[in-house]
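Chemist: Encoded as structure tokens, here's the structure I'll be asking about.
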Amino acid sequence: MIGFIKKDLFMIKSNFKLLGILIIAYTLMGFVGEIDISFILPFMSVMIMISTFSYDNYNNWDAYSISFPDGRKNSVKSKYVATVLMIVIVSIITTLLSFIISYASTKTINCEQILISMFGTIFGTLFVLSFMYPIIYKLGVEKARIGIFLIVFGLVFIGGFLTNYFNLSLITKAILFLEDYLIIILIIIAIIMVYISYKISERIFNKKEF
Amino acid sequence: MENILEIKNLCKTYDNFALKNVTLSLPKGMIMGFIGENGAGKTTTIKAILNIIQSYRGEIKIFGLDNRKYDKKIKEDIGVVLDDMFFPEILTPNDIDNTMKGIYKNWDSKMFDDYLKEFSLLPNKQIKTFSKGMRKKLEIATALSHHPKLLILDEPTSGLDPVARAEIIQIFQSFIEKDDCSILLSSHITTDLEHIADYITFINRGEIVLSKTKDELLDKYGIVKCTEAEFKKINKKDYIKYRKTKYEYEVLVSNKKDFKAKYDIAIIDKITLDELMVLMIKGEE
Amino acid sequence: MEIIISNSSGVPIYEQIKEQIKVKIVSNELKENELLPSIRTLAKDLYCSVITTKNAYEELVKEGYIKNVPSKGFYVAKINKDVALEEQLNKIEELMDKAVTIAKMNNINKKTLNEMLTILYEEDK
């Protein structure tokens with residue numbers, strides 16, 4: 001599996017520059033204004049990982065990699081591990097930057113807000129990962145991008161629908177009640193979500209023929 | 001274990017093509033040339049061996065082990081060059097080296113490096129900057145550098161100029177110098193096979209047409225060229241296929257000597273693999 | 001040792017190899033107990049297949065020109081020069097027989113044949 005992860009990292013090597021530019025841009029924007037773009041970097045890193053699927057497809061890498069020992073298993077596992085690692089690392093970097101920016105501009109550090117932002121971002125990107133990857137394995141990257149667009153659109157629509165017709169005070173009360181445990185609950189949900197996604201992707205890929 | 005690769009009754013059905021009872025055996029220390037038209041089933045057979053396609057029927061044994069049950073173990077010792085399937089082209093040979101270190105137990109960085117030098121491939125350039133020939137050489141270097149016992153090669157010399165091809169064929173023959181290593185080589189460049197192949201397996205429309213030693217095909221088989229009148233005198237049992245061209249009849253026979261003793265026809269030529277293929281595919285019985 | 005293969009001669013490659021090695025053994029270019037190249041190395045150097053060289057060596061063993069020492073390789077055997085000579089004499093006799101048949105069919109007499117033989121023999125010098 002290590003070999004596969006290294007390969008994906010080598011592939012996004014050229015995109016590291018893009019990330020570097022974004023980090024600088026983020027830092028600058030953070031100093032200039034109050035814009036909280038803490039979700040952009042992790043989200044971008046997922047998008048970059050997803051682009052590796054395109055490159056793989058173009059060179060028929062998937063078929064070739066099946067000729068390696070444990071090729072099928074490692075192929076899927078490594079993508080998930082690599083993506084999760086990237087999300088976590090980039091999120092931590094972003095959070096550290098947020099601390100620095102916060103201290104530099106306001107001489108105070110709003111710890112709670114920044115940390116909630118970080119966990120929220122990690123959860124959000126893991127959610128995107130969990131949804132997108134099985135779709136990518138089943139339908140390919142292009143169709144998946146369209147699918148994601150539809151899903152996000154649909155969720156926003158449903159969300160708006162729900163807020164109009166349902167009393168959300170119960171939910172907000174429940175959230176406040178669970179506040180202390182919220183983070184742990186989110187972590188557990190995230191782990192379960194990613195695991196189920198991985199199992200589904202693994203099954204789809206194992207059945208695939210080239 | 002006598003045979004490094006054994007395929008028995010491999011069957012796989014697609015919408016408009018099917019492999020039917022493909023059976024072949026490749027002994028240790030030998031090179032088998034796998035020939036056939038495009039679309040005849042060579043690549044499909046190779047994909048089945050490697051489990052790139054999985055829903056096939058039949059038995060495939062490599063190193064004496066079932067290829068599905070022992071997939072992981074077997075693949076440590078198989079080197080592969082496939083048609084149009086390789087590393088993403090934004091990677092460099094160095095990236096390949098570092099990747100493979102974490103994939104094969106026996107990956108030999110020094111050997112890979114030596115091949116890169118021998119083929120004049122710059123380790124830090126992206127694959128997409130390489131010419132077709134250079135890419136093939138890189139694929140071959142990659143296949144060889146983990147000390148495999150079995151090489152499965154699908155058109156490994158396509159796109160290579162004659163000089164490069166000669167280099168590569170030499171490398172294959174060096175590989176075979178160890179008598180427990182074998183090569184399954186699918187190629188349209190039959191002249192190479194006519195020299196170094198020990199066995200030739202010919203597949204047509206999903207079925208194995210013949211699987212014999214190359215020497216038998218080139219030494220014993222022959223192509224008789226004669227007039228219509230002469231052809232009419234030939235007993236159907238004494239030839240395999242025939243073809244009527246504008247100026248003559250071409251007849252494929254399995255034993256030049258016997259045929260010569262029986263019939264008084266002047267021209268019985270040594271056959272080439274290309275001629276054999278064309279006669280078998282386009283000839284009539 | 002030099003072995004020269006013709007791909008277009010119509011003579012099977014294994015036979016060409018066999019005959020050339022035989023000649024070298026008979027002429028003592030290859031000495032008794034000399035180690036021959038391995039089957040695989042020879043195949044590689046002659047750009048032919050392993051089965052071909054294996055065939056050549058197997059026939060040489062059968063005909064008594066070389067011997068196979070397991071795990072060591074093929075060595076030139078102690079050949080009975082008379083047997084080897086006999087084989088070549090038989091070949092010559094066969095060819096001479098053909099020449100005589102053609103001569104008789106065309107009313108060419110023995111004297112003419114003898115003259116031709118002398119000329120041919122002298123030519124190579």
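Chemist: Mind checking which residues of segment B:6-24 are in contact (Cβ under 8 Å) with a residue 40 or more places away in the chain and either open to solvent by 10 Å² or more (accessible area, probe 1.4 Å) or not assigned by TED's automatic domain parsing to the domain that holds B:ILE176 (or both)?
Modeler: Across segment B:6-24, the qualifying residues are B:GLU6, B:LYS8, B:ASN9, B:CYS11, B:LYS12, B:PHE17, B:ALA18, B:LYS20, B:ASN21, B:THR23.
Chemist: Another question, then. Can A:ILE114 be described as in a helix (DSSP H, G or I), among the hydrophobic types (A, V, I, L, M, F, W, C), surrounded by 15 or more Cβ atoms within 10 Å (Cβ to Cβ) and within 14 Å of another protein chain (Cβ to nearest Cβ)?
Modeler: Judged against the criteria, A:ILE114 is not a match.
Chemist: Restricting attention to segment C:82-95, report how many residues are surrounded by 11 or more Cβ atoms within 10 Å (Cβ to Cβ) and modelled with pLDDT of 90 or more.
Modeler: Of the residues in segment C:82-95, 0 are surrounded by 11 or more Cβ atoms within 10 Å (Cβ to Cβ) and modelled with pLDDT of 90 or more.
Chemist: Looking at B:THR227, B:THR245, B:THR213, which is the one that is among the polar types (S, T, N, Q), open to solvent by 20 Å² or more (accessible area, probe 1.4 Å) and within 13 Å of another protein chain (Cβ to nearest Cβ)?
Modeler: Answer to the check: B:THR213.
Chemist: Among (1) in contact (Cβ under 8 Å) with a residue 40 or more places away in the chain; (2) within 14 Å of chain B (Cβ to nearest Cβ); (3) surrounded by fewer than 13 Cβ atoms within 10 Å (Cβ to Cβ), which single condition is C:PRO70 missing?
Modeler: It is condition (1) that C:PRO70 fails.
Chemist: Quick one: B:THR191 ticks every box in (1) part of a strand (DSSP E or B); (2) among the β-branched types (Val, Ile, Thr); (3) open to solvent by 20 Å² or more (accessible area, probe 1.4 Å) bar one, so which box is it?
Modeler: All conditions pass for B:THR191, except number (1).
Chemist: Looking at segment C:62-69, can you tell me whether even one residue there is within 24 Å of C:PRO12 (Cα to Cα) and touching a Leu at 6+ places or on another chain (Cβ under 7 Å)?
Modeler: yes
Chemist: Further, regarding this structure: Look through C:GLU19, C:GLU58, C:GLU29 and report the one residue that is open to solvent by 30 Å² or more (accessible area, probe 1.4 Å), assigned to a loop (DSSP other than H, G, I, E, B) and either more than 9 Å from chain B (Cβ to nearest Cβ) or under 20 Å from B:PHE172 (Cα atoms) (or both).
Modeler: Of C:GLU19, C:GLU58, C:GLU29, the one residue that is open to solvent by 30 Å² or more (accessible area, probe 1.4 Å), assigned to a loop (DSSP other than H, G, I, E, B) and either more than 9 Å from chain B (Cβ to nearest Cβ) or under 20 Å from B:PHE172 (Cα atoms) (or both) is C:GLU29.
Chemist: Still on this model: Restricting the first residue to segment C:37-55 and requiring it to be free of Cβ contacts under 8 Å to residues at least 24 places away in the same chain and at the interface with chain B (Cβ under 9 Å from one of its Cβ atoms), which pairs with a second residue that is part of a loop (DSSP other than H, G, I, E, B) and of a type in the set (Ser, Thr, Tyr) meet a Cβ separation below 7 Å and a spacing of at least six or different chains?
Modeler: Partner pairs satisfying both residue conditions: C:ALA43/C:SER49.
Chemist: Please work out if C:ILE79 is touching a Gly at 6+ places or on another chain (Cβ under 8 Å) and open to solvent by less than 100 Å² (accessible area, probe 1.4 Å).
Modeler: Yes.
Chemist: Just checking, does segment B:114-126 include any residue being away from chain A (no Cβ under 12 Å), open to solvent by less than 60 Å² (accessible area, probe 1.4 Å) and closer than 23 Å to A:PHE53 by Cα?
Modeler: The answer is no; no qualifying residue exists.
Chemist: Hey, among the residues in segment B:81-108 that are open to solvent by less than 10 Å² (accessible area, probe 1.4 Å) and within 7 Å of chain A (Cβ to nearest Cβ), which one's nearest to B:GLY39 (Cα to Cα)?
Modeler: B:LEU82
Chemist: Among the listed residues A:ILE87, A:ILE23, A:ILE92, A:ILE66, identify the single one that is more than 14 Å from chain B (Cβ to nearest Cβ) and touching a residue at least 60 places away in the same chain (Cβ under 8 Å).
Modeler: A:ILE23
Chemist: Which one of the conditions (1) within 10 Å of chain A (Cβ to nearest Cβ); (2) surrounded by 19 or more Cβ atoms within 10 Å (Cβ to Cβ) does B:GLN54 fail to meet, given that it meets all the rest?
Modeler: Just one mismatch for B:GLN54, condition (2).
Chemist: Quick one: is B:GLY39 on the phi < 0 side of the Ramachandran plot and assigned by TED's automatic domain parsing to the domain that holds B:HIS195?
Modeler: Against the criterion (on the phi < 0 side of the Ramachandran plot and assigned by TED's automatic domain parsing to the domain that holds B:HIS195), B:GLY39 does not qualify.
Chemist: Go over the candidates B:SER186, B:SER158, B:SER120 one by one and state the one that is in the same structural domain as B:ILE78 (by TED's automatic domain parsing), of a type in the set (Ser, Thr, Tyr) and over 29 Å from C:ILE13 (Cβ atoms).
Modeler: That would be B:SER120, the only listed residue that is in the same structural domain as B:ILE78 (by TED's automatic domain parsing), of a type in the set (Ser, Thr, Tyr) and over 29 Å from C:ILE13 (Cβ atoms).
Chemist: Tell me, which residue of segment B:66-77 that is within 7 Å of another protein chain (Cβ to nearest Cβ) and under 23 Å from B:SER186 (Cα atoms) is surrounded by the most Cβ atoms within 10 Å (Cβ to Cβ)?
Modeler: Checking each candidate, the answer is B:LYS75.
The values are calculated or read from the model by the stated rules, or taken from the named source; none is laboratory data. What you are looking at is a predicted structure, and each value in this text was computed from that prediction instead of being measured. Neighbour counts are summed over all protein chains in view; Cβ atoms, including those assigned to glycine, are modelled from backbone coordinates with ideal geometry. Note: areas computed on protein heavy atoms with side chains; ligands, DNA, RNA excluded. Shrake-Rupley method; radii C 1.70, N 1.55, O 1.52, S 1.80 Å.
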